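Contents: one structure, followed by commentary.
The values are calculated or read from the model by the stated rules, or taken from the named source; none is laboratory data. Values in this document were obtained by computation on a predicted structure and should not be read as measured data. Here Cβ is always computed from backbone atoms with ideal geometry, including for glycine, and neighbour counts include all displayed protein chains. Note: areas computed on protein heavy atoms with side chains; ligands, DNA, RNA excluded. Shrake-Rupley method; radii C 1.70, N 1.55, O 1.52, S 1.80 Å.
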Amino acid sequence: MSATLYYFDGRGKAEIARLTMAAANIPFNQETIREKKQFETMKSEGKLLFGQLPMVEFEGHQLVQSSSIARFFANRANLLGSNEEEMLKIDILFEGSRDFNSAFMSYGFVGFTEVLDKAKATAMPKYLPIFNSMLSKNGSNGYLVGAKISLADIGLLEVVLTIEELLGQDELKPYAEIQNFLATMKSNELIHKYLNSELRPRKNDEKYVAEVKSVLY
């Protein structure tokens, strides 16, 4: 059964859900929210528990909160670890990737270069060495935990793809493990298919920022 993702015409907080559904081999389509009336109707119908997007309809569920959506689909595909120790590591690293990713979420909304300059000065020097080290400690096999893709990898992938696209591959050169990780993720058939499909929205631009603001405010 396919899922339906409701979100704006961009990546934003829905991208982790898209990546996870892709990795979990869950087919999905997208309903783009472009007008305030659409958003207000969904809220009035009780489809948005906390009055926020994204929301995913799947098998009778109305799933909200981006990390919870990702965990739901990761669980269905056994991407949360095979034992208690792996599950704990994956959850910690996934949450760390969410903190890292937050440095880029306001790209365009509080400026473009401003967000990237701040991320380069603060978040990247903090998080990239940590994840690089964790990849090394896991045996340099291209995964953060164990010997196969997990939700932790999907979380890190979102941020590394952002860095690659917005700042260039040179930013990753000091981190050999991160570069190997990125190559491993891109070679994953399901991930590769999603990244090269029309399902993946464009990066934030002025049109997207204006559209989101017109819906929310």
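Taking helices (runs of 4 or more DSSP H) as the structural unit, those lying wholly within the range 116-217 and holding at least 3 residues that are over 29 Å from Asn83 (Cβ atoms) and at pLDDT 95 or above correspond to 123-137, 151-167, 206-216.
When Ala14 is tested against (1) within 20 Å of Phe109 (Cβ to Cβ); (2) free of Cβ contacts under 8 Å to residues at least 24 places away in the same chain; (3) in contact with a strand residue (DSSP E or B) (Cβ under 9 Å, 6 or more places away or on another chain), only condition (2) is not met. Would you check if there is a residue in the range 43-65 being open to solvent by less than 20 Å² (accessible area, probe 1.4 Å) and either at pLDDT below 95 or in a helix (DSSP H, G or I) (or both)? Checked against the condition, which is being open to solvent by less than 20 Å² (accessible area, probe 1.4 Å) and either at pLDDT below 95 or in a helix (DSSP H, G or I) (or both), the range 43-65 yields no hits at all. Considering only residues that are open to solvent by 60 Å² or more (accessible area, probe 1.4 Å) and free of Cβ contacts under 8 Å to residues at least 24 places away in the same chain, which ones fall in the range 158-171? Those that are open to solvent by 60 Å² or more (accessible area, probe 1.4 Å) and free of Cβ contacts under 8 Å to residues at least 24 places away in the same chain: Gln169, Asp170.
Here's the yes/no breakdown for (1) over 24 Å from Ser197 (Cβ atoms); (2) touching a residue at least 12 places away in the same chain (Cβ under 8 Å); (3) open to solvent by less than 50 Å² (accessible area, probe 1.4 Å):
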position	(1), (2), (3)
Thr20	no, yes, yes
Ala23	no, yes, yes
Ile26	no, yes, yes
Lys37	yes, no, no
Ser67	no, yes, yes
Asn75	no, no, no
Asn83	yes, no, no
Leu93	yes, yes, yes
Ser97	no, yes, yes
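For (1) more than 17 Å from Ile16 (Cβ to Cβ); (2) open to solvent by 20 Å² or more (accessible area, probe 1.4 Å); (3) not assigned by the TED database to the domain that holds Glu206, each residue gets a yes or a no:
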| position | (1), (2), (3) |
| --- | --- |
| Ile90 | no, no, yes |
| Thr113 | yes, yes, yes |
| Lys120 | yes, yes, yes |
| Met124 | yes, no, yes |
| Asn132 | yes, yes, yes |
| Gly146 | yes, yes, yes |
| Leu156 | no, no, yes |
| Lys173 | yes, yes, yes |
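Pairs meeting the criteria (first residue in the range 127-148 and closer than 12 Å to Ser97 by Cα, second residue among the polar types (S, T, N, Q), beta carbons under 7 Å, at least 6 apart or on different chains) are Leu144/Asn138; Leu144/Ser150.
Considering (1) under 28 Å from Leu182 (Cα atoms); (2) loosely packed, with under 15 Cβ neighbours inside 10 Å, the lone condition that Ile16 does not fulfil carries the number (2).
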